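Worksheet: the structure to be examined is printed underneath.
The values are calculated or read from the model by the stated rules, or taken from the named source; none is laboratory data. It should be emphasised that the depicted structure is a prediction, and the values quoted were computed from it without experimental measurement. Every residue, glycine as well, gets a Cβ built from its backbone with ideal geometry; the counts of neighbours run over all protein chains shown.
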Amino acid sequence: MRELKHHEKKLLRKVNLIGWKGERNIRVAKVLRRYHIQNREDYVAYERMCGYVTSLSSKLQSLPPSSPFRIDLTDQLLTKLYNLGVIDGKGSLEKADRVSVSGFCRRRLPVVMVRLKMSQTLQAAITLIETGQVRMGPTVVTDPAMLVTRGMEDFVGWTEGGKIERSVKKYNGKLDDFELGGMG
């Protein structure tokens, strides 16, 4: 192997080949692409929430197992994570340790819409949300980063009087004659 030239040595001095963070960047890019996350700040927020949950879980695990304080807080944490939809059951604190950014991303409104068969693709769901065609309960949602809890899944629907809702009603044969005459 040849000896490095001066400018090559200078460049390598600034590069840490042992602590290179290439793997993390690839993982972040995969999650951003898979869930069509436009704002990197959303990913950072999900990552921060995962950090809070895992640090709280490790602090709770350091308490004695028979402590009523630990039992109460563990139950509260697991209930919150389950209701949010980040974990699949309220087993033990080990489930809270395995909370990931993907768990939060799976609770985003476009992903829930695809799972509920309201849209075929994430990109189409994001477009529908941004154009104001989707509502959560009575409120129209225009932010695709909205997290949907297990309890709110049933309240995701189309906006009242919107094109999509009208098409669905027409397809199901529930379009009122008054709506048909007034809109058409």
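So that you can scan it fast, the table gives a plain yes or no per residue for (1) of a type in the set (A, V, I, L, M, F, W, C); (2) modelled with pLDDT of 95 or more; (3) at positive phi:
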site: GLU3; (1), (2), (3): no, no, no
site: ARG13; (1), (2), (3): no, no, no
site: LEU17; (1), (2), (3): yes, no, no
site: ASN25; (1), (2), (3): no, no, no
site: HIS36; (1), (2), (3): no, no, yes
| task | For ILE164, indicate whether it is within 17 Å of the chain's Cα centre (by Cα) and either at pLDDT 90 or above or in a helix (DSSP H, G or I) (or both). | result | no
| request: Please verify whether segment 104-112 includes one or more residues that are among the charged types (D, E, K, R) and more than 15 Å from the chain's Cα centre (by Cα). | output: no
| message | Cβ contacts < 6 Å: first residue in contact (Cβ under 8 Å) with a residue 40 or more places away in the chain, restricted to segment 101-114; second residue of a type in the set (Ser, Thr, Tyr), any location; separation 6+ or different chain. Result? | response | VAL101/TYR46; PHE104/TYR46; CYS105/TYR35; MET113/SER119
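Listed here are the residues, each with its yes/no results for (1) surrounded by 15 or more Cβ atoms within 10 Å (Cβ to Cβ); (2) hydrophobic (A, V, I, L, M, F, W, C).
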| site | (1), (2) |
| --- | --- |
| LEU77 | yes, yes |
| TYR82 | yes, no |
| ILE87 | yes, yes |
| VAL112 | yes, yes |
| THR121 | no, no |
| GLY132 | no, no |
| Just to be sure, is ILE87 modelled with pLDDT of 95 or more and either assigned to a helix (DSSP H, G or I) or not aromatic (Phe, Trp, Tyr) (or both)? | no
| task | Name every residue in segment 106-141 that is in a strand (DSSP E or B) and closer than 20 Å to VAL31 by Cβ, in order of residue number. | result | ARG108
